[in-house]
Structures are given as C-alpha cells and as structure tokens.
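Asks: First, the structure itself, so that you have it in front of you.
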Amino acid sequence: MAPGEVATLHIRGKELKLPVLEDSFKNIFVDTSKLHPTTKICTYDPGYTSTACCESTITYIDGGKGVLLYRGYPIEQLAEKADFVDTAHLLLYGELPHEKQWKTLEEELKFHSTVHEKLIDFYRGFKSDAHPMAMMVGVVGAMSAFYEPTDGTKWRDPENARKSCVRLIAKLPTLAAMAYKSSIGQPIVYPRNDFSMSENFLYMMFSKKNEVWKSDPLLTRAMDIIMILHMDHEQNASTSTVRVAGSSQANPYACVSAGIACLWGPAHGGANEAVLNMMAEIGDVSRIPEYIKRVKDPKDNFRLMGFGHRVYKAYDPRAKIMRTITHQVLAHLKLVDPILELSMELERIALTDEYFVKRNLYPNIDFYSGICLRAMGVPVAMFTVLFAVARTVGWTAQWLEMAMEPTPRISRPRQIYKGAIDRDFVSLDSRPIQARL
C-alpha cells in the first residue's frame, strides 16, 4: 500500500479524506480518529467489532484461518515446547528468554509469590459462600494499597511498571488458591519456592495440613499448557477493559481488577463454568437428542455452551490443543464420571453432525477446559478464577505496552443519542402520573 493512501468518504455534500493504515498481515484500517470533533461525524460500531482501539505488537488472531500468535509465535509451538516462564517473558518483554533471563524471571516470580499478611485478612471478611471471583475482584484491587508507589504518576516509570506486572503475575496464583481455600473453610496454604508456577498452584489448591502432597508431572504439565493457552487473546472484552481503565492512568492493580470483573461474565471467562452447568442440566447421555433437537429449532432460545466462537470461524487452535490434553488427563486419571461421559458424546456429535460442521460450531476451548479442570479436581466456581490467573500475564503485557506509550490517550467512545431534548423542568406537584420505566 502506497504511503499517504487515503479513503474518501462522501457524506451530505462533503468529501473527507481519511488515512489508510495497514498491520503486519496487510489488514486494512481506515483512520477515523480525526472525524470528531472537527467534522461532527462519528462512526457507529456496536461491540467495536470493526474498530481498532490501539496499535499492539503482542497477540494476533486470524479467526478465518484458526491462527493465534503470541509475538509472532504460533500457539501450537508454545503449548508444545514452552513453559509458563518462557511464555510470560515472551508476552511481557517481546522475546523468548535466554537461560539467564529465564532464571531471573523465575526467581522474581517465586520471590513475589507471597502476599502481605494484612492482605490475607481480607479473606476472613468474606461470607463463607462468597464466589471466589468476587473475592478476586476485591483483593486484587486492594493490592495497590500494599505495594508502592502511592503517587499515581509513578506507575508509568518503566521499572515501577515492570515490577508491578511481575508482582501481579506472581501473586495471582497465590491469591486464587487462597480464595478457594477460604471458600471451603480450609487453612490457607503458602507457596513453596521449590515448585514451578503451575506445580505451586496445584499444591496451594489441593494440599492439606498434615498430609503429604505428591506432585503429578502429567497434571502439572496439563496446568502449564492450560495457563499458556489462556494467557492472551488480543483485544477481547477483559483486555479492552484493562486498557480502558489504564488509559486514565489508573494503577495496574486496579486495571487488572477491572479485567477480572469483566472476565467474570458468562459470555466471556465464565463460559467454561457455564459449560459444566449446562452438562448438569442435561444430566444424562440419553437426554442429549432432546437438547440437540432444541439447538436446531430456530424458535427455541436454547444454545449449547462451549460450541462455536465469536472470533474463530475455523477450529479454535487452542481447542485442538486442549482436546488432546483433556483426553490425556482423562486416560491418566481413569475417571468414571457421568458428566465426563456426557461431554464426550456431545463432542462426538459436534464433530460429525452436519448441522454443527456447516455452521463451524466446533467445541471451543471453554468446552474442553471445563471438562479437563473438572477431571483434575478443580471445582466449577474456580474455573474463571484460573482463567484470570493465566490471563493476568496478557493483561499486564497489554497494560505495560500502553503505559509506556509516549502520549497515551484516555478512552472516550461516542454514542448515538436517542433521548429527549429541550425539556422544561416541572415542579413536583405539577408532574403528571406516568408509568415507571
């Protein structure tokens, strides 16, 4: 594309020249940033599905081809060959670490995995049946009260920013495990420096006082892969939330807390939890035909959770990897579980039934991760929490990229206003009785 190429917009007798931009894959973008306020013309894009909100070098998705890249590396290669530290370093700093860098980051993550004792007191204040995600939103947001700097402008200092990102990545597994232990009334388990990140998370989740906990290499590797697959996914709802919060120069802990709140929704990070709830509703393999019939009925609003994807119109590359890991875990644990049997039959139907295949309704990563995590003993309420632990790596990388921009701009979307205009105030005794909205 030639430098200076423009798109021409003709509207109501005006001709406007808009700069044309390209990304690394030759995707075309029309720069509309100067339309308002100089012209009083805005674009309308509900959900921002056709709007680029930033320039980034971190993650790229081609939904039509089923491609996901972290800093240019295919997710398949990272899931097969990398570990948690490799991938976290790649997303944060742009390159895979050499041996010394790998050891440095690993040591930093282990050093920062413990949390302030007063922060632990927060967990004692929650109700015993509080959802772990509710705890995470509150505790992560409160981290800024415990870790310097207190001056908001200093968060953008490169070393303060980097250290904050490492703290968040290191402490989220600890805080998540504490949320789980608190929710079931068990004593909190502190992290161990002789374990890897994924191994430590499993230890803090499942070890019990006065019992010897043994690490399972296959489950540890499965957790590592689950973490890698969930670390980043371009400008999704929660990542965009982190960037919007960060655009006001809010501290990174507040920004990640906002991301966690957004992730909690069943249409986003809560989807894997919704998959298991759907399985419980179906209940038995014998009832699957009834629910498949409902899916195909255009008059029925029922939909199978964990099938299809907003971005991917081919098979989600993460789901292919997750499918393999899920079957390995199931074979390794030799579990007999009606819900797991039901899910495997749903998978078979989705991969062979013409209705699903034609519409690209493949099982997605939420479908397989829900099954895998259940098999590993992770309770349903913790599914989204684990997602947040992994996605914190991507959130902090995205926040760091934005915070280091020379002139970051605060986010300020426009709207199409359809409300009333030029109304005169009416005193209380003169207002007509009308139906409440």
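Bear in mind these aren't lab numbers, they're just calculated from the coordinates by the rules spelled out. Predicted model, so just to flag it, every value in this text is computed and none were measured. When we count neighbours, we look across all protein chains shown, and the Cβ atoms used for this are built from the backbone with ideal geometry, even at glycine.
Asks: Translational diffusion coefficient of region 19-171 at 25 °C, 0.890 mPa s, Stokes-Einstein with Kirkwood Rh over Cα pairs, in µm²/s as a whole number.
Replies: 126 µm²/s
Asks: Let me ask something additional. Which GluC sites (Glu not before Pro) from region 180-272 combine a DSSP loop assignment with at most 16 other Cβ atoms within 10 Å?
Replies: Here the sparse-neighbourhood loop sites are Glu211.
Asks: Report the one residue of Ala375, Gly306, Thr220 whose Cα lies farthest in the direction of the positive end of the charge dipole of the chain (charges on C-beta: Lys and Arg +1, Asp and Glu -1; origin at the Cα centre).
Replies: Comparing the listed Cα positions along the dipole, Gly306 ranks first.
Asks: Return Thr114, Thr57 ranked ascending by Cβ neighbour count within 10 Å, so the fewest neighbours appear first.
Replies: Fewest-to-most ranking of Thr114, Thr57: Thr57, Thr114.
Asks: Same structure, new question: Using mean Cβ contacts within 10 Å as the protection proxy, how do 45-52, 212-219 order, highest first?
Replies: Top of the packing list down: 212-219, 45-52.
Asks: Using +1 at the Cβ of each Lys and Arg and -1 at the Cβ of each Asp and Glu in region 59-405, identify which of Ala179, Ser196, His233 lies farthest towards the dipole's positive end.
Replies: Farthest towards the positive pole: Ala179.
Asks: Which one is right for this structure if semi-axes √(5λ) of the Cα gyration tensor in Å is calculated from it: [x] 37, 30, 26; [y] 37, 28, 18; [z] 41, 22, 20?
Replies: It is the value labelled [x].
Asks: Straight distance only, please: which lysines reach the Cα of Lys65 with their own Cα at less than 18 Å, same-chain residues fewer than 8 apart left out?
Replies: Reachable lysines: Lys26, Lys313, Lys320, Lys358.
Asks: Next question, about the same structure. Measure out, as a whole number of angstrom, how far apart the alpha-carbon centroids of region 17-63 and region 216-250 sit.
Replies: 24 Å
Asks: If each DSSP helix of 4+ residues adds -39,500 (n - 2.57) and the sum is divided by the residues in the chain, what number results at 222 nm, nearest 500 deg cm²/dmol?
Replies: -15500 deg cm²/dmol
Asks: Right, here's the next one. What shape does region 6-52 take by its C-alpha gyration tensor, where a ≥ b ≥ c are the square roots of the eigenvalues and a/c under 1.5 counts as rounded, a/b above b/c as prolate, and the rest as oblate?
Replies: oblate
Asks: Run the numbers on the chain and let me know its relative contact order in percent, using alpha-carbon pairs under 8 Å that are six or more apart.
Replies: 20 percent
Asks: Given a cut-off of under 8 Å on Cα pairs at least six residues apart, what relative contact order in percent is computed for region 1-59?
Replies: 18 percent
Asks: How big is the gap, in Å, between the Cα center of region 156-194 and the Cα center of region 313-385?
Replies: About 28 Å separates the Cα centre of region 156-194 from the one of region 313-385.
Asks: Shifting gears a bit: With the cut-off at 18 Å, report for region 309-437 the share of all Cα pairs above it, as a whole percent.
Replies: 72 percent
Asks: Once you have the Cα-Cα distance between Thr8 and Leu35, take 0.36 nm times their residue separation minus that, and quote the gain in nm to one decimal.
Replies: 8.5 nm
Asks: Which lysines have a Cα lying under 28 Å from the Cα of Lys171, excluding residues fewer than 8 positions away in the same chain?
Replies: In chain and number order, the partners are Lys81, Lys100, Lys103, Lys110, Lys118, Lys127, Lys154, Lys163, Lys181, Lys208, Lys209, Lys214.
Asks: Another question, then. At a Cα cut-off below 22 Å, give the lysines reachable from Lys34, other chains included and same-chain residues fewer than 8 away excluded.
Replies: Counting by Cα, and skipping residues close in sequence, Lys34 has these lysines nearby: Lys14, Lys17.
Asks: Are there chymotrypsin sites (Phe, Trp or Tyr not before Pro) in region 286-371 that DSSP puts in a loop and that have at most 15 other Cβ atoms within 10 Å, and which ones?
Replies: Passing both the DSSP loop test and the Cβ count: Phe302.
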